[in-house]
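Reviewing the structure listed below.
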Amino acid sequence: MPEILAYDFMQRALLAALLVGLAAPMVGVFLVQRRLSLIGDGMGHVALAGVAVGVFTNQAPVLTAMAFAVVAAVVIELVRARGRTSGDVALAVMFYGGIALGVVVIGRSQSGAPANLDSYLFGAISTTTKSDLLVFAALALVVVAVTWALRPRLFAVANDEEYARATGMRVTALNITLAVLTAVTVVVAMRVVGLLLISALMIVPNATAQLVAGSFRAAIRLAVAIGVICSVGGVATAYYADTPAGGTIVLLAIALFMAASTYSAMRDRIARRRHLEAERHEHEHGVNCGHPMIEHDNHVDYLHDGHRHAPHQGHYDEHDPHKTPHEHDPLTTHDDPVRH
Amino acid sequence: MTATLNAPDDGSQAISSQAISSQAIVSLRSASFGYADRAVVSDVTMDIHAGEVVAVLGPNGSGKSTLVKGLLGLNNHLGGQVALFGTPIDRFHDHARLGYVPQRHTLSASVRATVAEVVAIGRLPHQSWLGRANHEDRRIIKESLAVVGLDDRAAVDVSTLSGGQQRRVLIARALAAQPDVLIMDEPTAGIDLASQEILSQVLARLAARGATMLIVTHELRALSRVLTRIIQINQGRVTFDGPPGNHELSQASPGPALDDHDGHHHDGDDDLPLTWPAAGPLDRLPGFHDA
């Protein structure tokens, strides 16, 4: 058994990291889709007020933080649903009010204010107690299960709210549910990455996945994989490098994002170089268009005046412009060699 | 504007004294719709039956979008009687029977979504909360894409398609719900001529399959082949309701100036309403649907 697993507190830390890495990107993808990437940050601010109230009144800070964050989540959605321009300002007031209240109340409490504040703002994963872990595990599993069950509908609402409403979906209820899931994730993750960094774990793995994946389904899976790798890998790295776990996790996630950006930029450049758009024609190929169809790997080419048009995004590509006709399968008849 | 009932001279007013029709797909009696308490379209009386292909015609801001959005429950029903498939609208819950094709210039590109994933949204009303697309759902999605001629693009990121192709994706999404009537908001607005031609072929194909359609538009050219009826709306009132031939006659005679229903080609955001937002932030007023 590696040294890192020999300690109870590290076992608990790794398990907590695994749960957070799983839940945060799953919820976060819908925030990215709805262009609400920063909302988790705001909920974290409000949760801090909850933590402070818990510390001050000797309640469990997790529970009071949860209460504050969930109320904030519902208020956010109701303000957004009203669609007023002043709503934006109202949210800002709530978020800054939350963090200010948190700082002031925690400063008035007896139990070592600065250390307490730090552990919630930036995470203190190695101090996770067994009972904390049980609560986190249960909450994280609820978040994962509910998000999975609602996934198609959350996707539909975020994709086109008006259409979802017209098909009878309970759009406001689904949006509030997503906000509450976000709030619970924020609280579950606050001991791992801290309230100031939690939003990063919800958003950055998704940003990375969006660069690489080809579909929503693939992107969500990739984001969850990245989230787990970063959070578990970050905790392990922090143990060996003696760095704070929260910051290490987020830096790891950003490193992966930058690697993916570089990869996708290079891939696009290569694709552009190898890519020859077919001549523009108003005619759109289709099953009955009269041009012979050639099944080819995972797509269909249309034989057009002796060269092959492959559907690509909104236009047609010349199929494999760099290959000579002889390298193609013999299905094609090349009576017009101009393009090859 | 007068307070009296508008009386189109084609005889449709004769049905207004009757009760709402139980056979009609859509049945309205002196109905009005709007936002908050402000009626945008009022005193609408009509029955739409299976197999009809109806254009709801009118200048920007006339209330034509408000009328169809009212049928979909997207704004407030402020008066009169409205029945869908014989059920009063406040008790109607079988929303999948109305296939809505919203007016969109582009689909959201905040995250990747393939054409098939967007069309699959249309199947959701037929799936349970824990259910996922099965073999039959996938077959219907594929077939819907084939009808709009996009079956070869199922795996493509939808944001890379042209505006006209995206419009057809939205039609396929509506078809995937297997609706009994298609309700389209400006399907041909803002797309180039070649795409309009393809779109009108798609509409002709749907009409040939016997689809009932209610199409909001401000230009008839792309639809002329398939229409069976025209409803003209001006300033929130129905001013004509009848077959396309009679509509031409009514337009030939001197009457109220109708600014842009033919030949006037719009593109981009030019055709956004000037006076009243047909699709805007006001649509999100709470409390009318999620109770």
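FYI, it's all coordinate maths here, none of it is from the lab. It should be emphasised that the depicted structure is a prediction, and the values quoted were computed from it without experimental measurement. Using ideal geometry, Cβ is built from the backbone for each residue, glycine included, and neighbour counts are taken over all protein chains shown.
A few points about this structure:
- Cα-based radius of gyration of region A:25-76 once divided by 2.2 N^0.38 Å, which approximates compact folds: 1.25
- Dipole in debye (nearest 20) - region B:12-141, about Cα centre, beta carbon charges: Lys, Arg +1; Asp, Glu -1: 380 debye
- Global form of region A:70-155, assessed from the alpha-carbon gyration tensor, a/c cut-off 1.5: oblate
- Residues B:HIS218, A:HIS291, arranged from fewest to most other Cβ atoms within 10 angstrom of their Cβ, appear as A:HIS291, B:HIS218.
- Long-range HN-HN contacts of B:VAL53 with modeled amide H, under 5 Å: B:MET213, B:THR228, B:ARG229
- Rounded to the nearest Hz, the phi-derived 3J(HN,Hα) couplings of region B:172-178 under the Karplus curve 6.51 cos²θ - 1.76 cosθ + 1.60 (θ = phi - 60°) are 4, 4, 5, 5, 4, 6, 6, where x marks glycine and proline.
- Net +/- balance of residues flanking B:ALA211 in space, Cβ distance below 13 Å, scoring K and R +1, D and E -1: +1
- Close amide H pairs (under 5 Å, H built 1.01 Å from N) link A:HIS304 with A:HIS309, residues at least 5 positions away or on another chain.
- Where N is the number of residues in region B:54-125, Cα Rg divided by 2.2 N^0.38 Å: 1.35
- Net charge, B:VAL115 excluded, C-beta distance under 12 Å - Lys, Arg +1, Asp, Glu -1: +1
- Convex hull projection area averaged over all views, region B:111-189, Cα basis, nm²: 5.6 nm²
- Cα-Cα separations in region A:164-244 greater than 17 Å, expressed as whole percent: 60 percent
- Cα-based values for region A:3-199, radius of gyration first and Dmax second, are 17.1, 57 Å.
- ³J(HN,Hα), Karplus 6.51/-1.76/1.60, whole Hz, each residue of region A:308-318, x for Gly, Pro: 9, 9, 9, x, 9, 6, x, 9, 10, 9, 5
- Other-chain or far-sequence residues with amide H under 5 Å of B:VAL40's (modelled H): B:PHE33, B:GLY34, B:TYR35
- FRET efficiency, 1/(1 + (r/R0)^6) with R0 45 Å, evaluated for A:ALA255 and B:SER30 via beta carbons: 0.10
- Simple rule: put +1 on each Lys or Arg Cβ and -1 on each Asp or Glu Cβ in chain A, find the dipole, and look at A:HIS307, A:THR167, A:GLY102; the Cα lying farthest toward the positive end is A:GLY102.
- Test item: Cα-centred dipole of region A:3-199, Lys/Arg +1 and Asp/Glu -1 on Cβ, debye: 400 debye
- Sorted ascending by nearby beta carbons within 10 Å, beginning with the fewest, A:ASP301, B:ASP43, A:ASP88 become A:ASP88, B:ASP43, A:ASP301.
- Per-residue Cβ neighbour counts within 10 Å put A:VAL75, A:VAL146, A:VAL93, A:VAL55 in the sequence A:VAL93, A:VAL75, A:VAL146, A:VAL55, beginning with the fewest.
- Cα convex hull of chain A, projected area averaged across orientations, nm²: 23.1 nm²
- Span-rule helices in chain A, defined as complete DSSP H runs reaching 30 Å or more along the axis (Cα) with Kyte mean at least 0.5: A:8-33, A:61-82, A:86-108, A:130-159, A:216-241, A:245-274
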